Amino acid sequence: MRIKTALVLAFITSILAVNEAFPQQFKRYSQQLTNYQSNVDAPLTSKEHSQIVEAFGDQAQALVFDRPQRVKDLKHLLRNRIEIVEAPGGLKPCPSLSEVPLFDLYVPNLKRDSHFDPKTFNPLKYNFEFWSSSASMYKVDSTNYYIIIKAQHQ
């Protein structure tokens, strides 16, 4: 009789534990959904295409262009999540662009820009924490420019 009671209590406890854990797991994953803006439905621009090719080299087709979700994520990143602002008075202290390593996994001879131009800057060349759950900011060395990367899940 005691064994039967202990088994029933163990069973009820395990069900309660699973019920308690499931909503937490579901809640954590449900917060991870990305809200895409409608501008990601437009085709890649020639500039975006060039940026991807510059960062991924000969692997761009297989790693990006053949993967519609990857293309969508990169369009969202480039169009909506990266902002370059000029702040002559400065903003809060943050890491410098020169501290960010190059993303040279697929293009080993990738080079840093010798001169910063916000119109031609390719953020995909740098190993920024693009997929972080929090925003980040970097100061472009010797300029009044800042690169702001908005959180992936806003």
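Scan the stretch 119-140 residue by residue and report those that are part of a loop (DSSP other than H, G, I, E, B), touching a helix residue (DSSP H, G or I) at 6+ places or on another chain (Cβ under 7 Å) and modelled with pLDDT of 95 or more.
Matches in the stretch 119-140: ASN122, VAL140.
Please specify each residue of the stretch 75-131 satisfying the condition of being in contact (Cβ under 8 Å) with a residue 40 or more places away in the chain, of a type in the set (Lys, Arg) and surrounded by 14 or more Cβ atoms within 10 Å (Cβ to Cβ).
The answer is ARG79, ARG81, LYS125.
Of all residues in the stretch 49-78, which are charged (D, E, K, R) and in a helix (DSSP H, G or I)?
Result: GLU54, ASP58, ARG70, LYS72, ASP73, LYS75.
Given the structure, is PHE116 touching a helix residue (DSSP H, G or I) at 6+ places or on another chain (Cβ under 7 Å) and of a type outside the set (Asp, Glu)?
no
In the stretch 80-119, what residues are touching an Asp or Glu at 6+ places or on another chain (Cβ under 8 Å) and over 17 Å from TYR138 (Cα atoms)?
TYR106, VAL107, LEU110
Do the conditions hold for VAL100, that is, is it out of contact with any Gly (no Cβ under 9 Å at 6 or more places or on another chain) and assigned by TED's automatic domain parsing to the domain that holds THR45?
In short, yes.
For the stretch 127-154, enumerate the residues that are under 17 Å from HIS76 (Cα atoms) and among the aromatic types (Phe, Trp, Tyr).
PHE128, PHE130, TRP131
The values are calculated or read from the model by the stated rules, or taken from the named source; none is laboratory data. Note that this is a predicted model, so its numbers are computed, not measured. Note: ideal-geometry Cβ built from the backbone for every residue, glycine included; neighbour counts use all protein chains shown.
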